[in-house]
Amino acid sequence: MCQEHKPIGNPSHFEGTEQEKTTAHSVDGTFAQYTQGMKFFDPHVHMTSRTTDDYQALADAGVVALIEPAFWLGQPRTGLASFKDYFASLVGWERFRSSQFGIKHYCTIGLNSREANHEALAEQVMEILPLFLQKEGVVGVGEIGFDDQTAAEEKYYRAQLELAKEMNLPVQVHTPHRDKKKGTERSMAIALEHGIAPNMVIIDHNNEETVKSVLDQGFYAAFTIYPFTKMGNERMVEIVKQYGPERIMVNSAADWGISDPLAIPKTAALMKIKEIPEEHIRLVTYQNALDAFAQSGQIQEADFIHGLEIDQTQKFNGNTVLRGGQAPRIDKDSLIIR
Ligand SMILES: [Zn+2]
């Protein structure tokens, strides 16, 4: 499938215009001087694909909590056991790893749109989803929705919407990069058809073409700041200027592709430079995501607002984030690496 696309293409991302590509990397280096004292919540970041350096950088930049949606790993899984182990790692090892850098880690669990096309396996995955959706710290069903907009994708999108409804969980909807407008409208119409309240649905990967309809219909509108393929943060500033902060949230969707886990603090810095009111910045980079996903009943702000206690000598199933002889917590500014 998708033979016309670059093999490295990420299903989370739609292809950008030439103009979008020029907006990438517009803020770098000194963003931190604008974001002192600010706290951030990244509601979409695939930390499994990232290094401990990224966790350290996120913590240093003021990211206090994040959500890791279950997604496609870049190549298709061949059996149920790899789905099981992946879901288990999102509520297990990855959460532990995040805690070792003082960041509260939540996740959403779901069958991603791309792998919904492997129907025999998809059926088996559907059977284990309820078990994982009940686990502590699972704040929604996601990321689910359309990729190629096939019949199988629709079938499993609908089945998972029913699951979300039954379990009273928010839904994190991935929108396709091809035929985005059509795919977004279709995703919303189907959610409404299943009787899901729009405020329980976070429509992700929006752009200028989709935002108005998403907000008008009462859904949350998430925006992914992603180099080259999605939104640049200059465009994001314009969207918040035009639509205000209500029900809008920014995420990095950082993953195994060329992406930027610091997209939120950098965007906040640019918003400050462009004189967006600080309260609006707080809403789109922290509070709205918290409010949307706290509807799961799984998020207590008190758990992370003052930071987690970091003890890197702690163990998870007998393993630490440290490798033999490493000292706990690395001082990033130190020039010497021992
Ligand atoms: Zn994603």
**OP:** Could you list, in sequence order, all residues of region 298-312 that are open to solvent by 60 Å² or more (accessible area, probe 1.4 Å), of a type in the set (A, V, I, L, M, F, W, C) and modelled with pLDDT of 80 or more?
**Re:** A302
Original post:
Of all residues in region 269-286, how many are under 18 Å from N206 (Cβ atoms) and either among the basic types (K, R) or open to solvent by 30 Å² or more (accessible area, probe 1.4 Å) (or both)?
Top reply: 2
**OP:** Please work out which one of (1) at pLDDT 95 or above; (2) closer than 23 Å to Q56 by Cβ is the condition L283 fails and give its number.
**Re:** (2)
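Report yes if H105 is open to solvent by less than 30 Å² (accessible area, probe 1.4 Å), under 18 Å from L133 (Cα atoms) and away from the ligand (no atom under 14 Å from the Cβ), otherwise no.
Details: open to solvent by less than 30 Å² (accessible area, probe 1.4 Å): yes; under 18 Å from L133 (Cα atoms): yes; away from the ligand (no atom under 14 Å from the Cβ): yes.
Spelling it out, H105 is indeed open to solvent by less than 30 Å² (accessible area, probe 1.4 Å), under 18 Å from L133 (Cα atoms) and away from the ligand (no atom under 14 Å from the Cβ).
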Original post:
Looking at (1) open to solvent by 10 Å² or more (accessible area, probe 1.4 Å); (2) at pLDDT 95 or above; (3) out of contact with any helix residue (DSSP H, G or I) (no Cβ under 6 Å at 6 or more places or on another chain), can you tell me which one A292 breaks?
Top reply: (1)
**OP:** Quick one: H177 ticks every box in (1) more than 16 Å from the ligand (Cβ to nearest atom); (2) at pLDDT below 95 except a single one, so which number is it?
**Re:** (1)
**OP:** Check A222 against each of (1) away from the ligand (no atom under 14 Å from the Cβ); (2) not in a helix (DSSP H, G or I) and name the one condition it does not meet.
**Re:** (1)
**OP:** Determine the pairs where a residue that is on the phi > 0 side of the Ramachandran plot, located within region 122-140, has a partner that is assigned to a helix (DSSP H, G or I) and open to solvent by 40 Å² or more (accessible area, probe 1.4 Å) with Cβ atoms under 8 Å apart, the partner being 6 or more residues away or on another chain.
**Re:** G137/R95
**OP:** Keeping to region 180-194, report how many residues are small (G, A, S), more than 16 Å from the ligand (Cβ to nearest atom) and either open to solvent by 60 Å² or more (accessible area, probe 1.4 Å) or closer than 14 Å to Y220 by Cβ (or both).
**Re:** 1
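Return the residues of region 180-233 that are among the aromatic types (F, W, Y) and modelled with pLDDT of 95 or more; say none if nothing qualifies.
At the first step, the residues of region 180-233 found to be among the aromatic types (F, W, Y) are 219-220, 223, 226, 228.
F219, Y220, F223, listed by residue number.
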**OP:** Can you confirm whether region 233-248 contains a residue that is under 22 Å from H177 (Cα atoms), surrounded by 17 or more Cβ atoms within 10 Å (Cβ to Cβ) and within 16 Å of the ligand (Cβ to nearest atom)?
**Re:** no
Original post:
Right, Q160: open to solvent by 10 Å² or more (accessible area, probe 1.4 Å), touching a residue at least 24 places away in the same chain (Cβ under 8 Å) and either polar (S, T, N, Q) or within 16 Å of the ligand (Cβ to nearest atom) (or both) or not?
Top reply: no
**OP:** Select from region 68-81 the residues that are within 10 Å of the ligand (Cβ to nearest atom) and not in a loop (DSSP other than H, G, I, E, B) and write down the one among them that is surrounded by the fewest Cβ atoms within 10 Å (Cβ to Cβ).
**Re:** E68
**OP:** Only residues that are open to solvent by 10 Å² or more (accessible area, probe 1.4 Å) and of a type in the set (S, T, N, Q): list them for region 249-265, please.
**Re:** S259
Subject >> Subset of region 163-179 that is under 14 Å from A191 (Cβ atoms) and out of contact with any Ser or Thr (no Cβ under 8 Å at 6 or more places or on another chain) - its residue that is most open to solvent (accessible area, probe 1.4 Å) >> reply: K165
Subject >> Top-ranked residue in region 132-157 [being touching a Pro at 6+ places or on another chain (Cβ under 7 Å) and small (G, A, S); ranked as farthest from the ligand (Cβ to nearest atom)] >> reply: G140
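The values are calculated or read from the model by the stated rules, or taken from the named source; none is laboratory data. Just so it is clear, the model here is predicted, and its values are computed rather than measured. Here Cβ is always computed from backbone atoms with ideal geometry, including for glycine, and neighbour counts include all displayed protein chains. The area values use the complete protein model at the heavy-atom level, side chains included, leaving out ligands, DNA and RNA. Shrake-Rupley method; radii C 1.70, N 1.55, O 1.52, S 1.80 Å.
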